[in-house]
Amino acid sequence: MVVFAPRLLCLILILAFAPLAHAQILFEGYSKVMLGAKHVGFTIQRYEYDAKKKEFLATSFLKTSPDGGNITESTQSRASASLKPIGYKYTNATGDKVKMIDATFKGETMTLVIVENGQRKALPAKKLPKGVFLSNYLAYVMLQGKEGIKVGANYGYQAIAEEDGGLYTGQAFIKGEETYNGVQVYRVLNSFMIGTPAKAEYVSFVTAKGEVVGSRSPAQDLSTEVVSSIQEATAGLSVNNNHLKQLFGSMPSGLENPIARKSGGAPLGAAPDKQKTLEGPDETKESASPKTEGVPGGKGITLKPDAEKAPQEKATTPAKEATPAPAKSATPKAK
């Protein structure tokens, strides 16, 4: 019976936080998770926007093999059009140990209920500083920022880590522009949980539309990489289609991303004008800015430029540019 308990608890949590109906999918992709040269798991990420409700919805799923910790993890979160948190639900099942977090937000106040191995704990309401967002929306927050996504932009921020509900300081520096698996991207150096023992440093590969197609954590030798098919991402790991349909609202196709389109899905379309991208978004009606392509402009979230504290990429970083990596823990989260 213990074996089935994590799945049952995950299902209860999923049903309590149903996906938005009729929302536009901004990004959806399957990623393989690599520990060094070993394929140890896969992730699925979907970002949606409901224009009627003026809400974002981010849904993610992670599964790893025993070599990757034997982890099953899912997150569903909602945010306003300006990316202010509305709520999120997080589940992590590692073996027969289960942790669930139910977070709700009202104004600048966050309330958490944590259930860990059957023990429920309601934490006191916590007042949050203005401008705080959920960490998995970082790329979209940068996209909505005054500088947007351009080389040299350097942002300080405060964000909530979904896996523990903690508020942490981060720094994101857009170091340069390059080609990643045939797709034009920006290399973003990110430090998160600054000032804590859990501080994480990682590199993300982000398109001009805020699509994270890969990430790499040199310190953990851990990486994620968006691939063009579920078969390549899962590499023999079991996939529960019913579970995924309940979590995402429909079976993820994994085709709403530039990697899949380049590999034979929908055409990539015209490449964005590089000079306009570097100079920031053009808000005119005829602009090709990412802000006009399904991602609404926002107000109320502030990223603070801070050129003095730009994260530095360590010289010991492996030269494998085609392998990306995750974020804050051994549980990869491409952001």
Could you check the spin-label model distance between residue 51 and residue 70? Points 7 Å from the Cα along Cα→Cβ, value in nm. 4.8 nm
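How much FRET efficiency would the formula 1/(1 + (r/R0)^6) give for residue 177 and residue 221, where r is the Cβ-Cβ distance and R0 is 30 Å, rounded to 0.05?
Details: r = 26 Å, r/R0 = 0.85.
Between residue 177 and residue 221 the formula returns 0.70.
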Please compute one quarter of the surface area of the Cα convex hull for segment 149-230 and express it in square nanometres. 6.3 nm²
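Using the number of other C-beta atoms within 10 angstrom as an exposure proxy, rank 84, 97, 150 with the fewest first.
Details: 84 22, 97 12, 150 17.
With the fewest neighbours first, 84, 97, 150 line up as 97, 150, 84.
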Hey, rough spin-label estimate for residue 104 and residue 125, points 7 angstrom out along Cα→Cβ, what's it come to in nanometres? 1.0 nm
Which FRET efficiency value, to the nearest 0.05, do you get for residue 113 and residue 229 by plugging their Cβ-Cβ distance into 1/(1 + (r/R0)^6) with R0 = 41 Å? 0.65
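What is the fewest-to-most order of 187, 120 by other Cβ atoms lying within 10 Å of their Cβ?
Values: 187 19, 120 10.
Listed from fewest to most nearby Cβ atoms, that is 120, 187.
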Label points 7 Å out from Cα along the Cβ direction at residue 196 and residue 261: separation in nm? 3.6 nm
Taking the number of other C-beta atoms within 10 Å as the exposure measure, put 43, 64, 234 in order starting with the fewest. 234, 64, 43
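Coordinate-derived values only; no laboratory data. A quick note: this is a predicted structure, and the numbers were derived from the prediction, not measured. Don't worry about glycine lacking a Cβ; one is built from the backbone with ideal geometry, like all the others, and counts go over all protein chains shown.
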